[in-house]
Every structure is written in structure tokens, then in C-alpha cells.
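I have placed the structure first, in the form of C-alpha cells, so that the comments after it can refer back to it.
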Amino acid sequence: MKLNALTFLDKKKQKQKISMITCYDFSFAQIVNGSDIDCILVGDSAANTMHGFANTVHIDTQLMSHHVAAVSKGAPNKFVIGDLPFLSYRKSLTANMNCVETLMKAGAEALKLEGALGNLNLITHMVHSGVPVMGHLGLTPQSVHTLGGHKVQGREKQAQTAILDHAKKLEEAGCFSIVLECVPSMLAKKIADELHIPVIGIGAGPDVDGQVLVLQDLLGFNDNFKPKFLKKYFSAHQVFKSVFNEYHKEVTTQMFPTAKESYE
Ligand code: KIV
């Protein structure tokens, strides 16, 4: 059954783990649509995986809306959550809500944004306007320049207290769930235990309410990307390269196309 913001909460109550994967295009969305995965995040990690940028600062609402539209067409049976891009929700209320409108009208069924401070009024306004909101704490990649890189967060007591406090504030503001990225497992467990809403982890250990991974990472597209939290379920880089080489060989040795692939 297709999840939504309400049944997301039921999953936590029933102690059922939630699986989430990122996706950015129609072809992969069709595959995810036919899979058992619970929901899709059209993440701003599209900046890295689809557009080759070093961080997520470089993607805008226009590009995100194309990814959201493609995924929502390919995966009508999945709950599709879109990411609000860098600064798109840190302007005036009207400008913020214009971005929200663009992504919802592109097909998102909920939106995610990073951080708590400065976002709480907007979150409540979005929720009251009919937009389910997912929070994101811990490593918030849009703040890469203030965090000094993509690093594990919440190692010190003070930072742990702040992250827990921000998680509670997000829940109070109306978020239906939060993503918790790259924090120690003990902290993630405490937050998942103290919140009523589901906590979806990435690099946050096993004791949260669900997991999210970037599609290209779990499929092993990038041989050089090996963070500790990542499990690669496939070797896409190696497998696809050998398929491309086979195709090249058959073209250059005239083994393809044969009569079978040709019109009379
Ligand atoms: O954009 C993204 O892929 C994300 C996940 C890492 C949670 O925000």
C-alpha cells in the first residue's frame, strides 16, 4: 500500500522499519515503483549524482522540479518526497512558498528541508497550507561550508543536546518525520526513542525508524565513494563498464547489428 504522511507515523507505532531511497529520473523511478521500497526522496543530492557538482549548494528549484516531475511520473505507487534546495526556503515567506508550490505542483507529496533554527515558522505555515514536511538534522549538506566539510555531527555533548533539542522543535512545528544524517548511533537512538515521529537515518546506525540511501551509492556507481555508513548492494560501475565494453567490441568487430536487429 502506498505510504503517506499519516501512515508514515503508523509505521513507527507498529515498529515497522521504513525503507527510503533517493531517485531523480523516470527510468529508475519505474524500477523503484515496482519494488518493495516504501518511499522515494528526490534529494538535492541530484546536484552530485545527476549534475556532477561537489556539493548540494549548486542545485535550484527549477532543476529540482524537473527531477520531481520525472520521478512522480515514473513512481505513481510510491510516496514521493522532494527536497527544497539551498536558500530556496530562507527568503521571504512569499518566495519560500513559491518554491514549495513549484515542487508540490511538479508532483512532490511532501517536502524536506534542512535544519531547525529559522525554519520553524515556515514549517508550521507549510503544514497548515497542506504540505507535509520532513526535517533533516545532523550532517546537513547544504551547510557544508559552515560545517567545514561533510563530517559526522554530534560527537560532543553540547552538539548532541542541540540536535536533540532541534529534533523536538521540528516535531513541535509539525514535521511528520525527520532524516538524521551522520551522527553517532547512541544519539540517533535517543532521538528516535524520544520523538513520536519516525526518524529516518543515513549513517545514524540501526536504532532508528528507517533508513535512506542514495540510489547511486547503494548500487555502487562510484568506485571511489566509500563512506563507513554505506553498504554497496551492487557494483554498477564495474558491471555497466563491462557491458559498455561488450557493446563497443561488438560494434567495432561488426557482430552487432545482425540480421536479427535489422529491418528487411
Ligand atoms: O539529498 C539527499 O540525498 C538527502 C539524503 C542524503 C537524506 O538529503
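The values are calculated or read from the model by the stated rules, or taken from the named source; none is laboratory data. All values derive from a computational prediction rather than experimental measurement. Because the Cβ atoms are built from the backbone with ideal geometry, glycine has one as well, and the counts that use them run over all protein chains shown. Side chains are part of the model used for accessible areas, which takes the heavy atoms of the whole protein and leaves out ligands, DNA and RNA. Shrake-Rupley method; radii C 1.70, N 1.55, O 1.52, S 1.80 Å.
Cα axis of helix 236-252 to longest principal axis of the chain: angle in degrees, 0 to 90, nearest 10? Between helix and principal axis, roughly 20 degrees.
Fully extended, how many nm does the chain gain between H196 and E261 (0.36 nm per residue separation, minus their Cα-Cα distance)?
Going from the current span to full extension adds 17.7 nm.
Every Cα-Cα pair in the stretch 116-264 was counted, and those over 20 Å apart are 60% of them.
Here the spin labels are modelled as points 7 Å beyond Cα on the Cα-Cβ line, and at K2 and Q16 they lie 1.7 nm apart.
Calculate, in whole percent, how much of the Cα-Cα pair population of the stretch 107-187 lies beyond 23 Å.
Values: 666 of 3240 pairs.
Taking all Cα-Cα pairs of the stretch 107-187, the fraction more than 23 Å apart is 21 percent.
In summary, the aspartates and glutamates within cross-link reach of K241, defined as a Cα separation below 19 angstrom excluding same-chain residues under 8 places away, comprise D217, D223, E250. Backbone phi angles across the stretch 47-60, fed through the Karplus curve with coefficients 6.51, -1.76 and 1.60 (θ = phi - 60°), yield HN-Hα couplings of 4, 7, 6, 9, 10, x, 7, 6, 8, 8, 4, 8, 9, 10 Hz in residue order; Gly and Pro are listed as x. Carbon-plus-sulfur accessible fraction, the chain (probe radius 1.4 Å, protein heavy atoms only): 56%. Ranking Q142, A159, C39 by Cα position along the charge dipole of the chain, where only Lys, Arg, Asp and Glu carry charges on their C-beta atoms, puts A159 farthest toward the positive end. Put a plus charge on the Cβ of each Lys and Arg, a minus charge on the Cβ of each Asp and Glu, and nothing anywhere else: the dipole of the stretch 131-216 about its Cα centre is then about 240 debye.
Between amide H atoms placed 1.01 Å from N, distances below 5 Å from G43 occur with C23, all of them 5 or more places distant or on a separate chain. Taken along its principal axes, the alpha carbon cloud of the stretch 1-77 reaches lengths of 39, 23, 17 Å, longest axis first.
Sites listed here are GluC sites (Glu not before Pro) in the stretch 148-190 whose DSSP assignment is loop and whose Cβ has at most 12 other Cβ atoms within 10 Å: E156.
Restricting to the chain, compute how many DSSP beta bridges are antiparallel as a %, nearest 5. Once the DSSP bridges in the chain are tallied, antiparallel ones form about 0 percent. This model, with +1 at the C-beta of Lys and Arg and -1 at the C-beta of Asp and Glu, gives the chain a dipole about its Cα centre of some 520 debye. Temperature 20 °C, viscosity 1.002 mPa s: under these conditions the Stokes-Einstein estimate for the chain, based on its Kirkwood radius over C-alpha pairs, is 111 µm² per second.
Where does helix 157-173 land angle-wise versus the long Cα axis of the chain, in degrees 0 to 90, nearest 10? Long axis of 157-173 versus the principal axis of the chain: about 90 degrees.
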